[in-house]
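The values are calculated or read from the model by the stated rules, or taken from the named source; none is laboratory data. As the structure is a computational prediction, the values presented were derived from the model and not from experiment. Cβ coordinates were reconstructed from backbone atoms using ideal geometry, including for glycine residues, and neighbour counts include every protein chain displayed. These area figures cover heavy atoms from the full protein model, side chains too; ligands, DNA and RNA do not enter into them. Shrake-Rupley method; radii C 1.70, N 1.55, O 1.52, S 1.80 Å.
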Amino acid sequence: MARKVQWDQKNIGVLLIGIIISLSVAAVCYYELNESSAKEVKSVSETYAARTESNINVIFHKTDVLAAVVKLQDGQVSLNTFNDVAKLIYDENRGIRGIQYMPGAVVTYSYPVEGNEAVMGKNFFNIPERRKDVDLAIDTKKIALSGPYELIQGGLGVVARNPIFLKDASGHEYFWGFSAIVLDLPQAIEGAALNHLKSDGYDYQLYCINENNERLVIEGNPNLDLSQAVSIDIRVPNHVWTLAIRPWNPWANLAKAIGVFLLGFLLSLLIWLRYSMIRQREAALASRDMFFSDISHDMRTPLNAIIGFSMLAQKPGLPGPSKDGYIRKIEASAALLLDLINDTLTISRANLGKLQIHEEPVSARKLALSIIDPIRVMAQEKHITVNFAVTGYRPDFIMADQLNVQKIFLNLLNNAVKYTPEDGNIWLTIHFEKQPPDRVAVTAKVRDDGIGIGPEFLEHLYEPFAQERRKGYEGMGSGLGLAIVKQIVDLLGGTIQVESKPDHGTTFTVNLFFCEAERPAKDRLSGPEDLSRLVGCKVLICEDNLLNQEIIAELLKDQGLVVDLAENGKIGVEKFAASAAGEYQAILMDLRMPVMDGYEAVTAIRRLNHPDAAVIPIFALTADAFEGDAQKCMDTGMNGCLTKPVDMKKIMEALYQTL
């Protein structure tokens, strides 16, 4: 309990650390975003302010052209001359509403006259609200602005008056008057492209304080909060305008920072949830890693039998019957090894509780021998004596899942050999008891005089990957065998008990129930008279591997069949398409081939306009051993699925039943 509390505290600590880190990262992100935004806004403000200042001042200084002409002609400019000069200056597209010739501050000429009639003859010395700007221009001898205000001509505008000074006969300078430009201010500043700020994500306001100390908005949002904006001065003649800019969404940076925090919090939460399970999964992950290296131990029993019987079968002068017996045992052990490989490939299904039972008639005697023979070979290497006895009723055939029954006793006997010292003993006793009407009760005991099992480990005995670490016996297996045994026994409706004492051996007692079965017809396919009708039948083999071609072809020829070979599905389709009706009696089709695979080849054959296309038996002959592959073969149009390594008996049975 104390460890659990400590573990919970560690979990909460990990979450709190994650939250603190997330808050810190979000705060730094918010600060950096604000700094970056401030720099960006300042840069944008300076760019647009400079553009606006340059654009507007270029227009104001067009008055210098008329001022120069006035000075050249000593203040005596005719209307025609004025009009010629004004045409050069005038640019309606840049907001110029009028060019004015103003000797003594009186508007004498105006271009164009149309639209400016209201100011003709006006003396701006006599207009109080304009007198301040007039005096400013004269006093500074520089261009001065009036406005922005509602122009007499109409519209919001500004007037730029350029003071002109001439010299009299004695060389004294005197004020002559003004050359002036009247601007439609909104149109004049279009060249600065301030409206692009909106599309760039900014709100803005261009404003000024006029000569009446009034704050006038020239362009932009009149309700802009200037306290949150970056303001840049725009210098125009004798005046200062201000451009204020701020992002459209001032909360964007905060929203991004909150997003960063939420992301960090979610990551912290995921890490916390993951971390809370990590130690519980460490043992399972370590066991799973060990499984892939230790599973070879479960396969060594049949492999040792294959190697051992192969060596025995090669002994010089060995009588034929003995050699044949060794070869049969090699074949049985090889089949068992293949079953174990298939079981390894589907172990995940067993862990998910999807292990299925497939019963069929099985010879009780052959089933027992298929288990004990490989074990004896393994036991001989440690000089262990294997004692085997069958008592009680002797059924001929029973309905059983042969592979899974083999797995039960192979695992139990395999463990007995592993954990029994050299020169020890192992006993396998099978007792059959007939029960009405056709049931057979089987009590099997696997006993050894090995190292035994500690009482603390007995309660974990059937847990996947569980192993009792005993000195000198480390890494003796995958720890999966007894878990599989328990799963299979439960699926078969049986029971298993264990008695063990350290250093005094172990006894497993397995109780199973089977139904007696009739001898299957296929079990009688052993005499040449049964297979005689297959002699001379021509079989097309589609197989890309040369070794497999040779093995299958020779085995079929030994049975009296005629063989034709195709190295891929395309050639197989072509050979069948070119064959005469009835030339081929069957096709054996590999699934994985270059150019055209088996599925495509079968589909193509079934679609051919050939008398035998729809009826010729086609069997998949493949290393793909899963149930889904077999179903796919049937769905494609095949008659069955045979797996590699080649089982000649199954091939002949399949051909016998279909031809």
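When we screen Ile371, Ile408 for residues that are outside any loop (DSSP other than H, G, I, E, B) and within 18 Å of Asp490 (Cβ to Cβ), the only hit is Ile408. Picking from residues in region 432-458 that are assigned to a loop (DSSP other than H, G, I, E, B) and charged (D, E, K, R), the one that is modelled with the highest pLDDT is Asp449.
Taken together, Ile496, Ile484 contain a single residue that is surrounded by 16 or more Cβ atoms within 10 Å (Cβ to Cβ), under 30 Å from Pro395 (Cβ atoms) and either of a type in the set (Phe, Trp, Tyr) or modelled with pLDDT of 90 or more (or both), which is Ile496.
Those residues that are surrounded by 14 or more Cβ atoms within 10 Å (Cβ to Cβ) and not polar (S, T, N, Q), I need them from region 43-63; list them, please.
Within region 43-63, Val44, Glu46, Tyr48, Ala49, Ala50, Arg51, Glu53, Ile56, Ile59, Phe60, His61, Lys62 meet the criteria.
Looking across region 389-409 at every residue that is under 50 Å from the mean Cα position of the chain (by Cα), open to solvent by 10 Å² or more (accessible area, probe 1.4 Å) and of a type in the set (A, V, I, L, M, F, W, C), the one that is nearest to Val440 (Cα to Cα) is identified as Met399. Selection over region 643-653 of residues that are open to solvent by less than 50 Å² (accessible area, probe 1.4 Å), farther than 18 Å from Leu534 by Cα and not in a loop (DSSP other than H, G, I, E, B) gives a count of 0.
Inspect all residues belonging to region 643-654 and state whether any of them is modelled with pLDDT under 90, in contact with a Ser or Thr (Cβ under 7 Å, 6 or more places away or on another chain) and not basic (Lys, Arg). Yes, that holds for at least one residue. Restricting the first member to region 380-392 and to residues that are among the small types (Gly, Ala, Ser), and the second to residues that are part of a strand (DSSP E or B) and open to solvent by less than 60 Å² (accessible area, probe 1.4 Å), the beta-carbon pairs closer than 6 Å and six or more apart or on different chains are Ala389/Thr429; Gly392/Phe432. If you go through region 70-110 and keep only what is over 19 Å from Leu166 (Cβ atoms) and surrounded by fewer than 11 Cβ atoms within 10 Å (Cβ to Cβ), you end up with Asn80, Glu92, Asn93. Selection of first residues in region 104-129 that are of a type in the set (Lys, Arg) and of second residues that are in a loop (DSSP other than H, G, I, E, B) and open to solvent by less than 30 Å² (accessible area, probe 1.4 Å), restricted to Cβ pairs under 8 Å at least 6 apart or on distinct chains, gives the following pairs, ordered by first then second residue: Lys122/Val107.
The single condition among (1) of a type in the set (A, V, I, L, M); (2) without any contact (Cβ under 8 Å) to a residue 24 or more places away in the chain; (3) part of a strand (DSSP E or B) that Leu88 does not meet is (3). Condition first: in contact with a strand residue (DSSP E or B) (Cβ under 6 Å, 6 or more places away or on another chain) and of a type in the set (S, T, N, Q). Now tell me which residues in region 410-466 satisfy that. Of everything in region 410-466, those that are in contact with a strand residue (DSSP E or B) (Cβ under 6 Å, 6 or more places away or on another chain) and of a type in the set (S, T, N, Q) turn out to be Thr420, Asn425, Thr429, Gln435, Thr443. Annotation: Lys141 fulfils all but one of (1) at pLDDT 90 or above; (2) open to solvent by less than 60 Å² (accessible area, probe 1.4 Å); (3) in contact with a Pro (Cβ under 9 Å, 6 or more places away or on another chain); the unmet one is (2). Do the conditions hold for Val602, that is, is it in a loop (DSSP other than H, G, I, E, B) and either of a type in the set (Val, Ile, Thr) or modelled with pLDDT of 95 or more (or both)? No: the conditions fail for Val602. If the condition is being acidic (Asp, Glu) and without any contact (Cβ under 8 Å) to a residue 24 or more places away in the chain, then region 200-249 contributes Glu214, Asp225. When region 21-42 is filtered for residues that are open to solvent by 60 Å² or more (accessible area, probe 1.4 Å) and either of a type in the set (D, E, K, R) or over 39 Å from the mean Cα position of the chain (by Cα) (or both), the ones remaining, listed by number, are Glu32, Glu35, Lys39, Glu40, Lys42. Would region 297-307 turn up any residue that is under 30 Å from Asn223 (Cα atoms), of a type in the set (A, V, I, L, M) and either out of contact with any Leu (no Cβ under 7 Å at 6 or more places or on another chain) or modelled with pLDDT of 75 or more (or both)? No - not one qualifying residue is present in region 297-307.
Consider Leu555 carefully, then state whether it is under 25 Å from Lys650 (Cα atoms), open to solvent by less than 30 Å² (accessible area, probe 1.4 Å) and not aromatic (Phe, Trp, Tyr). Criteria not met by Leu555. Looking across region 147-159, the residues that are over 12 Å from Met102 (Cβ atoms) and either open to solvent by less than 40 Å² (accessible area, probe 1.4 Å) or among the polar types (S, T, N, Q) (or both) come down to Gly147, Pro148, Tyr149, Leu151, Gln153, Gly154, Gly155, Gly157, Val158.
Pairs linking a residue in region 560-582 that is assigned to a strand (DSSP E or B) to a residue that is polar (S, T, N, Q), with Cβ atoms under 7 Å and 6 or more positions apart or on different chains, are Leu565/Gln549.
Residue-wise test of (1) modelled with pLDDT under 90; (2) more than 29 Å from Val119 (Cβ to Cβ).
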position: Leu156; (1), (2): yes, no
position: Ala192; (1), (2): yes, no
position: Ser199; (1), (2): yes, yes
position: Asn210; (1), (2): yes, no
position: Gly220; (1), (2): yes, no
position: Asn238; (1), (2): yes, no
position: Thr242; (1), (2): no, no
position: Ile245; (1), (2): no, yes
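There is at least one residue in region 233-243 that is touching a helix residue (DSSP H, G or I) at 6+ places or on another chain (Cβ under 9 Å), under 17 Å from Asn55 (Cβ atoms), aliphatic (A, V, I, L, M) and surrounded by fewer than 22 Cβ atoms within 10 Å (Cβ to Cβ).
Condition (residue is out of contact with any Phe, Trp or Tyr (no Cβ under 8 Å at 6 or more places or on another chain) and closer than 14 Å to Thr63 by Cβ) applied to region 97-120: is it met by at least one residue?
yes
Residues of region 30-66 that are without any contact (Cβ under 8 Å) to a residue 12 or more places away in the chain and either closer than 29 Å to Leu79 by Cβ or in contact with a helix residue (DSSP H, G or I) (Cβ under 7 Å, 6 or more places away or on another chain) (or both): Val58 alone.
Name the residues in region 1-47 that are modelled with pLDDT of 85 or more, more than 17 Å from Asn249 (Cα to Cα) and touching a Ser or Thr at 6+ places or on another chain (Cβ under 8 Å), would you? Matches in region 1-47: Ile21 only. Residues of region 167-186 being closer than 30 Å to Asp91 by Cβ, open to solvent by 10 Å² or more (accessible area, probe 1.4 Å) and more than 60 Å from the chain's Cα centre (by Cα), which ones? Within region 167-186, Phe175, Trp176, Asp184 qualify.
When Asn404 is tested against (1) touching a residue at least 60 places away in the same chain (Cβ under 8 Å); (2) among the polar types (S, T, N, Q); (3) touching a Gly at 6+ places or on another chain (Cβ under 9 Å), just one condition goes unmet, and that condition is (3).
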